[in-house]
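*Asks:* For reference, the structure I am asking about is given below.
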Amino acid sequence: MAEKTLPPHEPSKVTVKGRAVRLRTIGIGILVVLAIWFIAANTGSVSIRLWIPTVTLPLWVVLTVTLLVGMVIGFFVARRRARR
């Protein structure tokens, strides 16, 4: 029997101002805006215990560092999956 081959899957796109934009890009943009808003809204100071020392930092710094570390980890996980 002959195998049926499926056509390659195209990512979902939306036309914005005459340009085709992937829905994934729009979703990431919305998440970035929400993350920036959340970080900007939380400006108080917090104490964080790092094994031995206790550090007092503005909460926006802690959230920004956490976001950046999460993005780096996500980048490496996505890159590793793409290689498989």
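*Asks:* Here is a list of conditions, (1) open to solvent by 70 Å² or more (accessible area, probe 1.4 Å); (2) touching a strand residue (DSSP E or B) at 6+ places or on another chain (Cβ under 7 Å), and Val62 meets all of them except one; can you say which number that is?
*Replies:* In the conditions (1) open to solvent by 70 Å² or more (accessible area, probe 1.4 Å); (2) touching a strand residue (DSSP E or B) at 6+ places or on another chain (Cβ under 7 Å), Val62 misses (1) alone.
*Asks:* Does the stretch 10-60 hold any residues that are modelled with pLDDT of 80 or more and among the hydroxyl-bearing types (Ser, Thr, Tyr), and which are they?
*Replies:* Thr25, Thr43, Ser45, Ser47, Thr54, Thr56
The values are calculated or read from the model by the stated rules, or taken from the named source; none is laboratory data. The shown structure was predicted, so the numbers you read here are calculated from the model rather than taken from an experiment. A quick note on method: Cβ atoms are made from the backbone with ideal geometry, for glycine too, and the neighbour counts reach across all protein chains shown. Note: areas computed on protein heavy atoms with side chains; ligands, DNA, RNA excluded. Shrake-Rupley method; radii C 1.70, N 1.55, O 1.52, S 1.80 Å.
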